[in-house]
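Asks: Sharing a structure with you now.
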């Protein structure tokens, strides 16, 4: 029977511990001792251990690939997911306009009705509404900024609503003197509102004549107006009309007195003063018909 030392090891006859069998193998798990080797000195557990090790490697690789693919998919979803958007008003296009295009006097965007368009003069400072002096005619020498004001009537709403007014200002010769886009808004409790902007002398000094204004919202012409600028040297409109009326009265008197040629001359004078004086033009035609009937050359 073999002898054992105090550690339970077999000792040979010389007293030293017996050497390990060269057939003992180490498993894939470090520090663990496998079962005794089989015949021929090869471990009976060698092939199953390698197979298990390879299987674990394959499973681990599959898990790693699956995890990375999942992370990649999550990243793609984050990149393609809709981001919180900021509402930005689109750029407003310049609409088509012509003098013959009539305004519809309604702003569909705010369900508002146009109450009117007026004009007032100002300096560089903003003029409070109570201090505005409205007019349809301004003196060229005194005009600094020409302001327009649009009055709207509309229902209240549950939110503050923004919109943009596009304005065109035409010079007396019909060319565009200025165009502007005026962002504005309505407060929730407003049922009427006033919106304004202005032009200075950026395009040159104000010239005498009639200026035409067109206002658009969302490409629809909502309002129009006109204003006159007079020079200090321009004749007073009232005085011109009074002079034309005086010629017309004289022409009627001469017609009744059968002084037909003199009456025609007075009608011509009235038309020179006021080219649009329909009364003078009509009286002149009547006098000429009478002269033709009477054979007066």
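Asks: With the checklist (1) part of a strand (DSSP E or B); (2) surrounded by 13 or more Cβ atoms within 10 Å (Cβ to Cβ) in hand, flag the one item residue 157 doesn't pass.
Replies: (1)
Asks: Right, next: Does residue 240 qualify as being in contact with a helix residue (DSSP H, G or I) (Cβ under 7 Å, 6 or more places away or on another chain) and either within 25 Å of residue 174 (Cβ to Cβ) or part of a strand (DSSP E or B) (or both)?
Replies: Judged against the criteria, residue 240 is a match.
Asks: Here's a follow-up. Hey, among the residues in the range 191-204 that are in contact (Cβ under 8 Å) with a residue 40 or more places away in the chain and within 20 Å of residue 231 (Cβ to Cβ), which one's surrounded by the fewest Cβ atoms within 10 Å (Cβ to Cβ)?
Replies: In this case the residue turns out to be 201.
Asks: Pick from the range 117-139 the residues that are surrounded by 11 or more Cβ atoms within 10 Å (Cβ to Cβ) and closer than 17 Å to residue 178 by Cβ: which of them is nearest to the chain's Cα centre (by Cα)?
Replies: Taking the candidates together, the pick is 117.
Asks: Against the definition (farther than 27 Å from residue 208 by Cβ, part of a strand (DSSP E or B) and free of Cβ contacts under 8 Å to residues at least 60 places away in the same chain), how does residue 167 come out, yes or no?
Replies: no
Asks: Of the conditions (1) more than 30 Å from residue 125 (Cβ to Cβ); (2) modelled with pLDDT under 95, residue 204 fails just one. Which one is it?
Replies: (1)
Asks: From the list 268, 218, 279, pick out the single residue that is out of contact with any strand residue (DSSP E or B) (no Cβ under 7 Å at 6 or more places or on another chain) and modelled with pLDDT of 95 or more. Explain how you work it out, then say what you get.
Replies: Working: 268 fails: modelled with pLDDT of 95 or more; 279 fails: modelled with pLDDT of 95 or more.
Every option except 218 fails the conditions.
Asks: Oh, and also: If you check residue 188 against the conditions, is it surrounded by fewer than 13 Cβ atoms within 10 Å (Cβ to Cβ), closer than 20 Å to residue 115 by Cα and under 19 Å from the mean Cα position of the chain (by Cα)? Don't jump to the end; show me each part of the working.
Replies: Details: surrounded by fewer than 13 Cβ atoms within 10 Å (Cβ to Cβ): yes; closer than 20 Å to residue 115 by Cα: yes; under 19 Å from the mean Cα position of the chain (by Cα): no.
Judged against the criteria, residue 188 is not a match.
Asks: (1) surrounded by 17 or more Cβ atoms within 10 Å (Cβ to Cβ); (2) over 23 Å from residue 123 (Cβ atoms): which one isn't true of residue 227, the others all being true?
Replies: The number of the failed condition is (2).
The values are calculated or read from the model by the stated rules, or taken from the named source; none is laboratory data. From a predicted model like this one, the values you see are computed outputs, not experimental measurements. Reconstructed Cβ throughout: ideal geometry from the backbone, glycine too, with neighbour counts over all protein chains shown.
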